[in-house]
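Below is one structure, written out as structure tokens; comments come after it.
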Amino acid sequence: MDKTEAAALGPSDAASSRRAIIAMVALCTAVFVAALDQTMVLTVMPSIMRSLYIDVRDLSDAGWIITGYLLGYTVAMPLFGRLADVWGRRQMAMVALALFALGSAFCVVLGRLDLFVAARVVQSAGGGALVPIAMAAAADMFPPGRRALVLGIIGGSAEAGGVLGPIYGAGLSALWDWRLIFLVNVPLCLLLAPVVWRLLRPGHLPHYQAGL
């Protein structure tokens with residue numbers, strides 16, 4: 001929003017616009033991190049396999065660490081998109097962040113492949129849910145003239161996360177251990193949750209019409 005647009009808005013409209021932007025920054029951050037988790041395991045897979053006692057001859061089994069995430073991510077998108085329509089964006093955003101944080105925490109502590117894959121599915125359900133929730137919230141919070149740009153930023157956040165995931169995973173694991181790439185998700189979700197809770201409405205009445 002430039003200065004001309006800000007001047008044309010009343011105090012209430014300008015405040016609503018600022019809050020909508022902050023909410024989208026928080027949601028896009030969550031979407032970006034969830035997308036990172038799709039591919040960040042690629043560069044640390046040998047370390048994960050050693051920790052889970054997976055023999056190199058069972059490499060196909062280790063593939064479920066990636067496939068499980070993609071499966072949960074894909075299934076969660078339409079499901080949570082519908083749930084966000086029924087139960088509200090804010091409530092489902094909290095559920096998504098909780099699932100993502102919980103799954104990430106389990107990935108840190110579980111030492112068996114089957115349990116680790118299950119944790120990845122839980123994590124991915126939360127991560128996949130964030131995309132349609134963010135898009136639905138954008139449709140609520142921004143008028144039609146600005147909506148396409150915001151939706152493009154959300155989509156770009158998801159794509160950028162997938163591309164940068166391997167670099168992110170390698171860099172973060174070099175600081176301590178491969179578990180760090182999952183551990184950092186927990187405090188991040190704890191930081192984002194109150195922001196999202198404060199700025200998203202409990203229902204889905206358009207913010208730019210209803211006010212915040």
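Every number here is computed from the coordinates shown, using simple stated rules; none is lab data. It should be emphasised that the depicted structure is a prediction, and the values quoted were computed from it without experimental measurement. All Cβ positions, glycine included, derive from the backbone under ideal geometry; neighbour counts span all protein chains shown.
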Toward the positive end of the charge dipole of the chain, about the Cα centre and with charges on Cβ (Lys, Arg +1; Asp, Glu -1), which of P78, T29, L200 goes farthest?
L200
Highest average packing first - 108-114, 37-43, Cβ atoms within 10 Å
37-43, 108-114
Could you sort 157-164, 136-143 so that the peptide with the highest average Cβ count within 10 Å comes first and the rest follow in order?
136-143, 157-164
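Which chymotrypsin sites (Phe, Trp or Tyr not before Pro) does the range 113-196 hold that lie in a coil by DSSP with at most 14 other beta carbons within 10 Å? Working shown, then result.
Numbers: sites: F116, Y168, W176, W178, F182; in loops: W176, W178.
For chymotrypsin sites (Phe, Trp or Tyr not before Pro) across the range 113-196 that sit outside H, G, I, E and B with at most 14 neighbouring Cβ atoms in 10 Å, the list reads W176.
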Per the charge dipole of the range 22-202 (beta-carbon charges, Lys/Arg positive, Asp/Glu negative, Cα centre), the residue among P187, V122, G161 reaching farthest to the positive end is P187
In sequence order, calculated HN-Hα J values of the range 65-79 (Karplus, 6.51, -1.76, 1.60; Hz; x Gly/Pro):
4, 8, 4, x, 5, 5, 5, x, 4, 5, 5, 5, 4, x, 5
Can you list the HN-Hα couplings for the range 112-129, worked out from phi with the Karplus curve (6.51, -1.76, 1.60; θ = phi - 60°), rounded to whole Hz and with x for Gly and Pro?
10, 4, 4, 6, 5, 5, 4, 5, 5, 5, 4, 4, 6, 4, x, x, x, 5
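Under the definition of Cα pairs under 8 Å and six or more residues apart, what whole-number percent is the relative contact order of the range 22-202?
Details: 262 pairs, mean separation 74.6, N = 181.
It comes to 41 percent, rounded to a whole number.
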For labels at R19 and V163 in the simple 7 Å Cα→Cβ model, what's the distance in nm?
3.4 nm
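Can you compute the helix-only [θ] at 222 nm over the chain? Use -39500 (n - 2.57) per DSSP H run of at least 4 residues, normalise by all residues, nearest 500 deg cm²/dmol. Write down the numbers at each step before the final one.
Values: 11 runs with 175 residues, N = 212.
Computed ellipticity for the chain at 222 nm equals -27500 deg cm²/dmol.
Sorted by average packing, counted as other Cβ atoms within 10 angstrom per residue and highest first, what order do 123-134, 19-30, 75-86, 52-63 take? Numbers along the way, then the final one.
Numbers: 123-134: 28.1, 19-30: 21.1, 75-86: 17.0, 52-63: 12.6.
Ranking, from highest mean packing down: 123-134, 19-30, 75-86, 52-63.
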Quote the FRET efficiency, to the nearest 0.05, computed for V86 versus L180 with a Förster distance R0 of 35 Å and r equal to the Cβ-Cβ distance.
0.45
